[in-house]
1. Of the residues K83, K44, which single one is away from the ligand (no atom under 16 Å from the Cβ), under 22 Å from the mean Cα position of the chain (by Cα) and outside any loop (DSSP other than H, G, I, E, B)?
2. Select from the stretch 253-270 the residues that are more than 17 Å from R119 (Cβ to Cβ), surrounded by fewer than 20 Cβ atoms within 10 Å (Cβ to Cβ) and either of a type in the set (A, V, I, L, M, F, W, C) or away from the ligand (no atom under 15 Å from the Cβ) (or both) and list them in ascending order.
3. Going by the conditions given, is F239 away from the ligand (no atom under 16 Å from the Cβ), part of a loop (DSSP other than H, G, I, E, B), out of contact with any Ser or Thr (no Cβ under 7 Å at 6 or more places or on another chain) and not aliphatic (A, V, I, L, M)?
4. Could you list, in sequence order, the residues of the stretch 131-147 that are part of a loop (DSSP other than H, G, I, E, B), within 12 Å of the ligand (Cβ to nearest atom) and either among the β-branched types (V, I, T) or buried (at least 17 other Cβ atoms within 10 Å of the Cβ) (or both)?
5. Does I168 fit the bill of being within 16 Å of the ligand (Cβ to nearest atom) and in contact with a helix residue (DSSP H, G or I) (Cβ under 8 Å, 6 or more places away or on another chain)?
6. Taking the condition surrounded by fewer than 16 Cβ atoms within 10 Å (Cβ to Cβ), within 13 Å of the ligand (Cβ to nearest atom) and modelled with pLDDT of 95 or more, does G293 pass?
7. If you check every pair at least six apart or on different chains, which have Cβ atoms under 6 Å apart with a residue in the stretch 115-133 that is charged (D, E, K, R) first and a residue that is in a loop (DSSP other than H, G, I, E, B) and more than 14 Å from the ligand (Cβ to nearest atom) second?
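The values are calculated or read from the model by the stated rules, or taken from the named source; none is laboratory data. Predicted model, so just to flag it, every value in this text is computed and none were measured. With ideal geometry, Cβ positions are generated from the backbone for all residues, glycine too; neighbour counts draw on all protein chains shown.
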Amino acid sequence: TSAFQSVPLAPPDAILNLNTLYKADTYPKKINVGVGAYRDEDGKPWVLPVVKKAECAIVEDASLDHEYLPIDGLRTFTDASAKLILGKNSPAVLENRFGGIQTISGSGAVRLGADFLNRWRKAPVYISNPTWGNHHDIFRDAGLDVHTYPYWNPEVRGLALKGMLDTIKGAPKGSIFVLHPCAHNPTGVDPTPDEWKLIAEAIRAGAHFPFFDCAYQGFASGDLDKDAAAVRYFVEEGFELLVAQSYSKNIGLYGERTGCLTIVTKSADLVPNVRSQMCKLQRASISNPPAFGARIVSMILNDEQLFAEWTQQLKIMANRIIHMRTVLFALLTELGTPGTWNHIVDQIGMFTFTGLNAAQVKVLRDTYHIYLTDNGRISMAGLNTHNIRTFAEAVDFVVR
Ligand code: PMP
C-alpha cells in the first residue's frame, strides 16, 4: 500500500476556487467580484506607476545582487514599515520600543505572529465572526486554541458591538484578540473611534493581548494615517501589541509577497529578545524573506518624492472603489430593489457584505455568470462603469 493511502482530498480554497471557475467561464460579460484584488476601470490589474519607477531603478542599480537578505529581512524596509503603521511620532518609535521582521506578505506576518505567540505567550486566540477565512487555519495550524467573537450583526448590517464586548470581557484573562484595524474583511464594517475606545478598555480589563492584522492601510479611506488610527490609539494607550502588515493591496504587490510583522513592547530592552526569537522561528520556516518586493517598498517609503506619488495613486484606487459604492447604491435605488442598501455606501474598503444568501449567490453564478463567495461578500474592485448596471440588475432579480 502507498504511504499516501489514507490522505483524503482536501476541499478547494473557497476564494481561489472561485477564480478557477471564473477563468473557465467563456461568457464574455462574466463578472468577478470574488477575489480581493484591485482592478481598474477596464477590469485589469494595475501596476502602480510608482512601482514601475522603483522597479526600473532596482534593475539598473549595479550595486544590487541576488544574495540572501538577513533572516529578519531588509532593515530599511522593516523600519519604514513600522513607522508607516505606528506614525513617525509614535511614543513607541520615539522611545525605540518597536521592531519589525520582514515576512511573506500579510499571511506570513500573521503566521509568524501566531507561531511566536504559541511559543512564548500561549493563550486562547479570539478572531472575529466572520473573518478572513485563513485566520482560522493559520492560528489552528500554529497550535493555538481558536475561538471567535461576534462582529457582524445581520439585523443592523453593522457591528455587533455588545456581543463583541461581552466576549472580550468573558474571555480567559490574557487571551489574544485578533483585530482588523481598518476595512474589515469580509464585512467592510469598522468600529468608530468611540467604539475602539470601548474595545481597548475591555481588552485592558481582561489583560488581553491585541494582535492587529492590517492588510489595507491607506486602501480603505485613501488616507494612510486615518486607516492606522486604531493601532496608534492602542499604542498611545500603552498597549504592547503585534501588527501584521501587507503591501498586497495598498502597493499592489500581491505576488511579490511583501509584508512585515511589527512589534511594540513596553520597553526598548525587550525588542532584541523578541526579534531574536522571531528570527529563530522565521529561520525554521522560510530561512529568509524575498528581496524584490521589499526593495520596491523600501524605495517608495524612504523617498519623499516617491512616497508622495504613492499616496496619490493610493487615493486613485480608494476613490474608485468608493465611487463604485455610490453608483451601485444609486442603481439599486433607481431599480427599486427590495430591501435596504445603505450598507453599500456605509461599509469601507475592498469588500461589501451584501446580505445576499448562498442560494442567491448560486443563481448569480449559474444564471448571470457573476462570481462571489457564498457569504455574499463582493469585492468592489471587480465593479466598473461598464459592468455595474448588469451587476445591479442581476442583484435586483435575485432578491425579488
Ligand atoms: N489579512 C486579511 C484580513 C486579509 O484580507 C488579507 C488579504 N486577503 C491578508 C491578511 C493577507 O494577504 P497577503 O498575504 O496577500 O498580504
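1. Selected residue: K83, the only one of K83, K44 that is away from the ligand (no atom under 16 Å from the Cβ), under 22 Å from the mean Cα position of the chain (by Cα) and outside any loop (DSSP other than H, G, I, E, B).
2. Hits for the stretch 253-270 are K266, S267, A268, D269.
3. yes
4. T131, W132
5. Here the answer is no, as I168 does not meet what is asked.
6. No, not satisfied.
7. D115/A142
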